[in-house]
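The values are calculated or read from the model by the stated rules, or taken from the named source; none is laboratory data. These numbers come from a predicted model, not from an experiment. Because the Cβ atoms are built from the backbone with ideal geometry, glycine has one as well, and the counts that use them run over all protein chains shown. Heavy atoms of the whole protein, side chains included, go into the accessibility calculation; ligands, DNA and RNA do not. Shrake-Rupley method; radii C 1.70, N 1.55, O 1.52, S 1.80 Å.
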Amino acid sequence: MRVLVFGGSGQVGQALRREVWPADVEVSFVPRSQVDLADLDAIAMCIGKIAPDVVINAAAYTAVDRAENEPGQAYLVNAFAPGAMAAACARVAAFLIHISTDYVFDGASTVPYVEADPVGPLGVYGASKLAGELLIRERLPDHVILRTAWVYGATGNNFLRTMLRLGRERRELRVVVDQHGSPTHAAEIASALRSIAVSPAKRAGTFHLTGGGATTWHGFAEAIFEAAAELGYSSPVVAPIVTADYPTPARRPLHSVLDCRRIDKVYGVHRPSWRASLRPVVRDVLRAEHRASTRE
Ligand SMILES: NC(=O)c1ccc[n+]([C@@H]2O[C@H](COP(=O)([O-])OP(=O)(O)OC[C@H]3O[C@@H](n4cnc5c(N)ncnc54)[C@H](OP(=O)(O)O)[C@@H]3O)[C@@H](O)[C@H]2O)c1
C-alpha cells in the first residue's frame, strides 16, 4: 500500500513522520520544494505518476489573520489545491484524507457542532477551508474530511509554544477568555490519520476530531503554565480579557467545540482529555529549550 503525504513539514505532518506504519505500507512525503500547492498541474502530475492508494493532505495556508489580506493565496492552497488533489485521486482511484477546521463554523452555537451542522465561516481562512471541503465532496466520493481545532505540538507555530516563550519574557499575559474550543495534540491527529489510511474498509465522509473536553484560550494558557510550574518553570500571571479587547484582522468563532462521537463510532478513535495530552508536550518543549540554552 502506498500513502502520499503533502505538508510533511507542518505540525501534523511532522507528527505523521513519527507514526509507526505497518511494514507493508510505503509512506512518501512530498516537500514544497517538489510540489508547491500553488501549482495545480504539479499536484496532478505528482499523484498521477505515483498512483498512491491513499493521499493525506496535511498542508494548508494556516495564517488566519494574514489570510484576510491574502485571500488569493489562501484559496489557492486551501481550496483549489485540495480540489486538484481530489480530481487527481479520482483518476488513479486513490482515497483522499484531508484536514479541515472548526473555523468553518460561525461559533454562534453553544452546544458542540456535529458534522452535519450548518457552516458559516467568519473569515477568509475558514471560508477557504470550507471551499476546499466543497470541491473535494464534488470531485471524489472516496474521501475523509477530518475537521480539527486549536492544534499544538512540541514543534511548529502554535499557542502552547508562544505562551511558553512569552511567559519567559513577560510577568503578565492577557489572554482571551470568551472563545471556547478544544486544544488538539498534533500527534493525536496523526494517529487518527494513520488509522483511517490503513483501515481496510474506509468509511467516507466528514468527521470531527479534537482533544477531549473544552476550554477557552485563557484556560488553555493556565493549564500550560500549571504543567510548566510542575517542572519548575516560574509562571506569569494570566489575565483574562474578552475578544473585544484584543481586536485581530480575522474574526474567530466564539464557540467552536466539535462533537467528535462519529469518528469514535466509525473508526474507533478515542480522545484523551486535552489537559492530559498537554503535559508531555510542555515537558518536551521545556526540555528542548533547556538543551538549546545549555549548548549556547
Ligand atoms: N494549526 C491549527 O490550530 C489548526 C486548527 C484547525 C485546523 N487545522 C488544519 O490542520 C491541518 C494541519 O495544520 P498544521 O497546524 O499542521 O499546519 P502548519 O504547521 O501551518 O503546516 C502547514 C504545512 O503546509 C505546507 N504548505 C503551506 N503552503 C504550502 C504550499 N504553497 N505548497 C506546499 N506546502 C505548503 C507547509 O509547508 P512549509 O513548511 O514549506 O511552509 C507545512 O508543511 C491544516 O489543514 C489546517 O488547516 C489547523
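Summary table
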| read-out | value |
| --- | --- |
| Search result, residues across region 9-40 that are of a type in the set (Asp, Glu) and in contact (Cβ under 8 Å) with a residue 24 or more places away in the chain | Glu19, Glu26 |
| Residue list for region 21-33, restricted to those being part of a loop (DSSP other than H, G, I, E, B) and either more than 23 Å from the chain's Cα centre (by Cα) or more than 9 Å from the ligand (Cβ to nearest atom) (or both) | Trp21, Pro22, Ala23, Asp24, Val25 |
| Selection within region 186-226 - open to solvent by 20 Å² or more (accessible area, probe 1.4 Å) and among the aliphatic types (A, V, I, L, M) | Ala187, Val198, Ala201, Ala204, Ala214 |
| Qualifying position, being touching a helix residue (DSSP H, G or I) at 6+ places or on another chain (Cβ under 7 Å) and more than 17 Å from Val104 (Cβ to Cβ), among Ala38, Ala74, Ala79 | Ala38 |
| Filter pass, Met85 being of a type in the set (A, V, I, L, M, F, W, C) and under 21 Å from Ile189 (Cα atoms) | yes |
| Any chance Ala149 is open to solvent by 30 Å² or more (accessible area, probe 1.4 Å), touching a residue at least 60 places away in the same chain (Cβ under 8 Å), within 16 Å of the ligand (Cβ to nearest atom) and closer than 24 Å to Ala186 by Cα | no |
| Selected residue [of a type outside the set (Ser, Thr, Tyr), within 12 Å of the ligand (Cβ to nearest atom), open to solvent by 10 Å² or more (accessible area, probe 1.4 Å) and closer than 23 Å to Ile196 by Cβ] from Arg66, Arg17 | Arg17 |
| Sole residue being within 13 Å of the ligand (Cβ to nearest atom), open to solvent by 30 Å² or more (accessible area, probe 1.4 Å) and at pLDDT 95 or above, chosen from Pro141, Pro112, Pro121 | Pro121 |
| Qualifying positions in region 264-296 - closer than 13 Å to Leu164 by Cα and either open to solvent by less than 50 Å² (accessible area, probe 1.4 Å) or of a type in the set (Gly, Ala, Ser) (or both) | Leu278, Val281, Val282, Val285, Leu286, Ala288 |
| Conditions (1) in contact (Cβ under 8 Å) with a residue 60 or more places away in the chain; (2) away from the ligand (no atom under 16 Å from the Cβ); (3) in a helix (DSSP H, G or I); number of the one not met by Ser191 | (2) |
| Per-region count, region 35-63, residues more than 13 Å from the ligand (Cβ to nearest atom), of a type outside the set (Asp, Glu), open to solvent by 40 Å² or more (accessible area, probe 1.4 Å) and not in a helix (DSSP H, G or I) | 1 |
| Qualifying residue in region 248-263 (condition: of a type in the set (Ser, Thr, Tyr), touching a residue at least 60 places away in the same chain (Cβ under 8 Å) and either farther than 23 Å from Ala192 by Cβ or surrounded by fewer than 12 Cβ atoms within 10 Å (Cβ to Cβ) (or both)) | yes |
| Residues (surrounded by 13 or more Cβ atoms within 10 Å (Cβ to Cβ) and of a type in the set (Val, Ile, Thr)) located in region 20-34 | Val25, Val27, Val30 |
| Matching residues, region 74-100, being under 27 Å from Asp53 (Cα atoms), within 12 Å of the ligand (Cβ to nearest atom) and open to solvent by less than 10 Å² (accessible area, probe 1.4 Å) | Asn78, Ala79, Ala81, Pro82, Met85, Ile97, His98, Ser100 |
| Residue list for region 1-20, filter: over 14 Å from Ala59 (Cβ atoms) and assigned to a loop (DSSP other than H, G, I, E, B) | Met1, Glu19, Val20 |
